Amino acid sequence: MARLNDNYLKLQAGYLFPEISRRVNEFTSANPGVEIIRLGIGDVTKPLVPEVLKAFHAGVDDMAAEQSFHGYGPEQGYSWLAQTIIDKAYKPLGVELETSEVFISDGSKCDSANILDIFDLSCKVAIGDPVYPVYNDTNVMVGRTGAADENGYYEGIVYMPCTEENGFTPQFPAEKVDIIYLCFPNNPTGTVASKEQLKGWVDYARANDAVILFDAAYEAFITEAGIPHSIYEIDGAKECAIEFRSFSKTAGFTGVRCGLTVVPHALAGTTASGEKVSFNQLWNRRQCTKFNGVSYPVQKAAAAVYSDAGWAQVKEVIDYYMGNAAIIRKGLQAAGITCYGGVNAPYIWLKTPGGMTSWDFFDKLLNECHVVGTPGSGFGPSGEGYFRLSAFGDRANVETAVQRIVEKWGK
Ligand SMILES: *Cc1c(COP(=O)(O)O)cnc(C)c1O
C-alpha cells in the first residue's frame, strides 16, 4: 500500500465546530421547540445585493451565446477585474499596483493555505494565538512541524500570544522567523492594528528578511478613520508582504467563492544558491499549473461589488452587520462585561464573566440564554477565558440575545 502523508495524522481532530454542533444538538433534542440564536459561526446571513445579482445573471446569460461565451479564462483572473480592484480598492488608499501583481482566486482560505507551495520547508513560521486555524494546520500538513504539545502548540512553530496585556497585537518573535502571519481586522478578536503597529512589523520583516502574510479579509468592516485597510499603506511593505483579500465577508460571497492575493513584483526570496527571485514569478507559475481560474459569471459579479451602485448596496449590508456589532458591544459593556472588537470588525471578543472557562460559558449561554457563540479556547490557548460573538445575524435576534445575556450576567 502507498505511504500516506503522516503529517495529517499530527493534526488534532477538528474539534471546535463539531463539538459546538454536538452540544447544540444535544440541547435541542432535550429541549424541543426552544429557539436557539446562533452567533457562533463566522458566516454571513444576508443575500447577495441586487447589483451583484444583476451582473451575476448577465454573466450566466453571456455563457448562453456563442459570441459571448467564455471558456477557460486566465489562471490569474480577468485583468478587467484586477484593474477594477486596483482602481476602487487600492488607489483610494494611495497604493499603486499592476494587474500582474493581483491574482484572482476562489477565496482566501485556499490562497492562505496554497501560498506555502512557494516557500522552502526550512522557513520558520510565526503565528498568532488565538488564530484562524488555517494558518496553523496548513503548516502542519506540509510537514513544517513536529507533534502538538498538551496546549495544542506544534513543535517548530513560533506562537505569538495575543492577549489583553498587549492589546491583542502580537510582540515580535524572540527568535528569527521567515514567515509571519498577520490578520487585521482580526478573527477571532475583532481588533485592528494601527499604522504605527503595522510599520513596526514591516520594519521588522525587512530587517529580518521575513515575509508577512497579511490577511485583510475583514478590511471592509473598518469604520474608524486612520486604520490601515492594506499592509501596502505602509512604506516598504511591497518588499516584504503578500496580502489576501476576499469577497466572502465583504459582499456575501461565502457560497459564491472569490478572493484575491497580491504578490508584489518587489517581493523577492532567495534561492538555494543565494540568488534573489521574485515570489510573484513563483506564485504565477503555481497558479498556472494548479489552478484554472474563477468562473466568468463569478468574476462579473465580483466586479459589480465595486460599481458605484454595487458598493452602496454592499456598504449598507456591512453597516447593518456593524450595527449588530455595536448593539452587542454596547449592551455587554453597559452590563459590565469586558469586551473587545466590534468597532472595526464583525466579531466581539468578550471576557467570560467571573473568570469562567470558555466552554463553561458556552454551556451556560446555551442552556440558560439559548444563545450559541464560539469558545475562545478553540482558537488557541491564549483564547481561554474569552468568547467570540459574531455580528452576522438578524437584528431582532441579536437584540434578544444581548438582552438575555445582560439579564443573566449584567451588574
Ligand atoms: C472568512 C475568512 C477568510 C475568507 O475565506 P474565504 O476562503 O475567502 O471565504 C479569510 N481569513 C479569515 C481570517 C476569515 O475569517
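Readers should treat all values here as calculations from the given coordinates under stated rules, not as data from a laboratory. None of the values given here were measured: they were computed from a predicted structure. Here Cβ is always computed from backbone atoms with ideal geometry, including for glycine, and neighbour counts include all displayed protein chains.
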Problem set entry | q = 0.10, 0.14, 0.19 Å⁻¹, the range 60-200: log10 I(q)/I(0) [Debye, one scatterer per Cα] | -0.49, -0.85, -1.24
For this session: Neighbouring Cβ atoms within 10 Å as the yardstick, rank VAL298, VAL60 fewest first.
Result: VAL60, VAL298
Exercise. Looking at this model, which pairs from LYS109/LYS290; LYS109/LYS249; LYS330/LYS364; LYS109/LYS199; LYS195/LYS238 are more than 18 angstrom apart at the alpha-carbon?
Worked result: LYS330/LYS364; LYS109/LYS199
Exercise. Local charge sum around ALA217 (other residues, Cβ-Cβ under 13 Å, Lys/Arg +1, Asp/Glu -1)?
Worked result: -2
Problem set entry | GluC sites (Glu not before Pro), loop per DSSP, at most 16 other Cβ atoms within 10 Å - longest free stretch of the chain | 276-411
Exercise. Most exposed first by the Cβ proxy, i.e. fewest other Cβ within 10 Å, how do VAL95, VAL102 rank?
Worked result: VAL95, VAL102
Seminar exercise, completed: Sorting ALA13, GLN403, VAL158 by the position of each Cα along the dipole of the chain (Lys, Arg +1; Asp, Glu -1; all at Cβ), the one nearest the positive end of that ordering is GLN403
Seminar exercise, completed: With +1 on the Cβ of every Lys and Arg and -1 on the Cβ of every Asp and Glu, the dipole magnitude of the chain about its Cα centre, in debye rounded to the nearest 20, is 500 debye
Problem set entry | Principal axes of the range 52-306: Cα extent on each, largest first, Å | 59, 44, 36
